[in-house]
1. Quick one: accessible area per residue over the range 70-154, 1.4 Å probe, rounded to a whole number of Å²?
2. Run the reach check for Lys215 against lysines, Cα to Cα strictly under 25 Å, same-chain hits fewer than 8 apart removed. What comes back?
3. Largest first, what is the accessible-area ranking of Arg139, Arg176 with a 1.4 Å probe?
4. Normalised by the empirical 2.2 N^0.38 Å for globular proteins, what value does the Cα Rg of the range 117-197 take?
5. Using just the helices of the chain, give the 222 nm mean residue ellipticity in deg cm²/dmol: DSSP H runs with n ≥ 4 each add -39,500 (n - 2.57), and the total is spread over all residues, rounded to 500.
6. Assign unit charges at the C-beta atoms only (+1 for Lys and Arg, -1 for Asp and Glu), then state the dipole size of the range 116-237 relative to its Cα centre in Debye, rounded to the nearest 20.
7. With +1 assigned to the C-beta of every Lys and Arg and -1 to the C-beta of every Asp and Glu, and no other charges, what is the dipole magnitude of the chain about the Cα centre in debye, to the nearest 20?
8. Normalising by the residue count of the range 101-237, find the relative contact order in percent from Cα pairs under 8 Å and 6+ residues apart.
Amino acid sequence: MVLDSLLSAAGTIDPLTEITWGGARRTGLKAVSYTPFDNNELIGIIRINQITGQAIPKNNEQSAQLIVKKTLYQTSTQQLKVGVSGMLWQFQRNLGLFTLGQGGYYSPNSFQSLTFPLEWLGQYQDWSWQVQAEFGYNRAREDATPLYLGQPDTEQAALAALNPITQVATKTSSDRYGLRLAIEKQIANQWVAGFQATLDRSANYAPDTAMLYFKYQFNAPSAVSSPPQPVSPYARF
């Protein structure tokens, strides 16, 4: 599920035409390379996806990311790391609008970012935590796109009403920053409780998420993960 919006995640119904559209689904491949050396880590990530949905065009997505981390401080229970991350990301189509036939998910035709993360990992008795802060710079290009993709009748009605039928191209650049907190605690012999919260801030993009979760270990005493490993939700609200 592409969870950017209600339209992309679940789809919706146009009240005039009664057409259902949206419900985008991402299918593809992800390759990760991890290389530790001295007190450093080199991580490479490549993603290739196709996004499909109901009454919306197919969209191809590619991204490549390179991350370098250096451990500044380390004990048997704590680590402090600093790093740099560069990312290239692109979509075949700009389907980020919410009009009939659009996808409702962020899909820049070109996106570049340079980010500097700081990470603190720790574990103490039956607690574990991960705190991340990052700042950086983003640049994005979104090409012009029809407002009513694959809907010629709606497009003609918009023209007759002297309404626009195309979203103009845009280019944006901005500073960005983000914060992430994850905590786990063992609360019983086979139970672990966890909490995760994130925020991300850049131009026209400001999501906040929070999640409380519980993990149960079958047939063995449970233990906190270090770093915390939140469950993967099927959907978010």
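The values are calculated or read from the model by the stated rules, or taken from the named source; none is laboratory data. All figures in this text were calculated on a predicted structure; none of them were measured in a lab. Please note: Cβ atoms are built from the backbone with ideal geometry, for glycine as well, and neighbour counts cover all protein chains shown. Heads up: the accessible areas ignore ligands, DNA and RNA and are worked out on the full protein's heavy atoms, side chains in. Shrake-Rupley method; radii C 1.70, N 1.55, O 1.52, S 1.80 Å.
1. Value returned for the range 70-154: 51 Å² of accessible area per residue.
2. Hits, sequence-local ones excluded: Lys185.
3. Arg139, Arg176
4. Here the Cα radius of gyration is 2.06 times the empirical estimate.
5. After summing the helix terms and dividing by residue count, I get -1500 deg cm²/dmol.
6. Magnitude of the dipole: close to 220 debye.
7. Dipole size: approximately 460 debye.
8. Reported as a whole number, the value is 23 percent.
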